[in-house]
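Heads up: the structure comes next, in structure tokens.
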Amino acid sequence: MKVGVLALQGAFAAHSHLLAELGAEPIEVREPAHLAAVDALVMPGGESTTMSLLLESSGLSDPLAARLADGLPVLGTCAGMILLATEALDGRADQRTFGAIDLTVRRNGYGRQRDSFETDLDVDGVDGGPFHAVFIRAPVVERTGPGVVVGATVEGHPVL
């Protein structure tokens, strides 16, 4: 399976490495032709405003919107989740979200850099003990739509 990793900014190298270890064929997506070649996509963490601007300048924004509307499987972590949400709060007025997941997300909702934290999550449906998670200037999910399945929470807020 060819899994694209949005490689404009952020933690794309770590995602590509892990996907390769799992047996997928990672493709770093930087332009529309790369996106056309993938079966699924990972949108990593990074800085969502910067990623939004780079999606526009690279010509990826509209092709990505079309692939998402056609049902492209996608995983968004941190900034990726913000971009996939229906609504992003506390962002720039011109920041694009794709509405692929029925969420309202607050950028940097857990606070500034000094408010970063780590915690163990109990993930629904995953055996083998807790999943260690790191929240660095992380977004907070403020609202989930009726079709969204929440797999883990922190202080009552969905994180997976």
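So that you can scan it fast, the table gives a plain yes or no per residue for (1) of a type in the set (A, V, I, L, M, F, W, C); (2) over 26 Å from T144 (Cα atoms):
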{"site": "L22", "(1), (2)": "yes, yes"}
{"site": "E31", "(1), (2)": "no, yes"}
{"site": "A37", "(1), (2)": "yes, yes"}
{"site": "T49", "(1), (2)": "no, no"}
{"site": "S57", "(1), (2)": "no, yes"}
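Total residues in segment 93-110 satisfying the condition of being part of a strand (DSSP E or B) and either open to solvent by less than 30 Å² (accessible area, probe 1.4 Å) or touching a Lys or Arg at 6+ places or on another chain (Cβ under 6 Å) (or both): the figure is 3. Taking every residue in segment 80-104 that is free of Cβ contacts under 8 Å to residues at least 60 places away in the same chain and pairing it with any residue that is acidic (D, E) and open to solvent by 30 Å² or more (accessible area, probe 1.4 Å), at least 6 positions away or on another chain, the pairs with Cβ-Cβ distances below 6 Å are T86/D102; T104/E87; T104/E142.
Take the conditions (1) more than 23 Å from A40 (Cα to Cα); (2) modelled with pLDDT of 95 or more; (3) not hydrophobic (A, V, I, L, M, F, W, C); G91 misses just one of them, which is (2).
The values are calculated or read from the model by the stated rules, or taken from the named source; none is laboratory data. In this text, all values refer to a predicted model and were calculated from it rather than measured experimentally. FYI the Cβ positions are ideal-geometry reconstructions off the backbone, even for glycines, and counts take in every protein chain you see. Protein only, heavy atoms only, side chains kept; ligands, DNA and RNA dropped before computing areas. Shrake-Rupley method; radii C 1.70, N 1.55, O 1.52, S 1.80 Å.
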